[in-house]
Amino acid sequence: MKTYRDGFFHKMYAGKEPKIPEKSPIPLPEIRYVQGMKTSEIIEQAMEVEISERNFYLSLSKKAEEEGREDLSRILNYLSSVEKSHYHHILEGELEAALRLGLYDKYLELLRA
């Protein structure tokens, strides 16, 4: 993926070096943690991040498509599907386990002991 990404960048911006921003341009929700927070609350915050990232990539994909940049649009659309996959295939199951079984918080207590 990196080789394709680098080649794609150089194809579009020949001779220019990529500038990596200090702060992410993706508008992410603020993540907060307080001592004693339930694992399910942390997972719910992670789910919100995945939704924000997916929406960000989808909006950029649409913009790229409108500009006639099909390759870029497809890459961004793929990235949005990766975020959707994180949400549905990883975090939903983790949240369900945390809520139903309550095991996460019990395991954390054991690990800290």
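The values are calculated or read from the model by the stated rules, or taken from the named source; none is laboratory data. Just so you know, these numbers come straight off a predicted model, no measurement behind them. Heads up, the Cβs are rebuilt from the backbone with ideal geometry, glycines too, and the neighbour counts pull from every protein chain shown.
Observations on the model:
- Evaluated against (1) surrounded by 10 or more Cβ atoms within 10 Å (Cβ to Cβ); (2) under 17 Å from the mean Cα position of the chain (by Cα), E41 falls short on exactly one condition, (2).
- Which listed residue is assigned to a helix (DSSP H, G or I) and within 15 Å of the chain's Cα centre (by Cα), from S80, S73: S80
- Selected residue [surrounded by 13 or more Cβ atoms within 10 Å (Cβ to Cβ), among the hydroxyl-bearing types (S, T, Y) and either part of a helix (DSSP H, G or I) or at pLDDT 95 or above (or both)] from Y107, Y87: Y87
- Meets criteria (part of a helix (DSSP H, G or I), out of contact with any Asp or Glu (no Cβ under 6 Å at 6 or more places or on another chain) and closer than 23 Å to R100 by Cα) for E50: no
- Failed condition for F9, given (1) among the hydrophobic types (A, V, I, L, M, F, W, C); (2) modelled with pLDDT of 90 or more; (3) over 21 Å from L101 (Cα atoms): (2)
- Of everything listed in (1) at pLDDT 90 or above; (2) part of a loop (DSSP other than H, G, I, E, B); (3) closer than 21 Å to H86 by Cα; (4) of a type outside the set (S, T, N, Q), the single unmet condition for P29 is (1).
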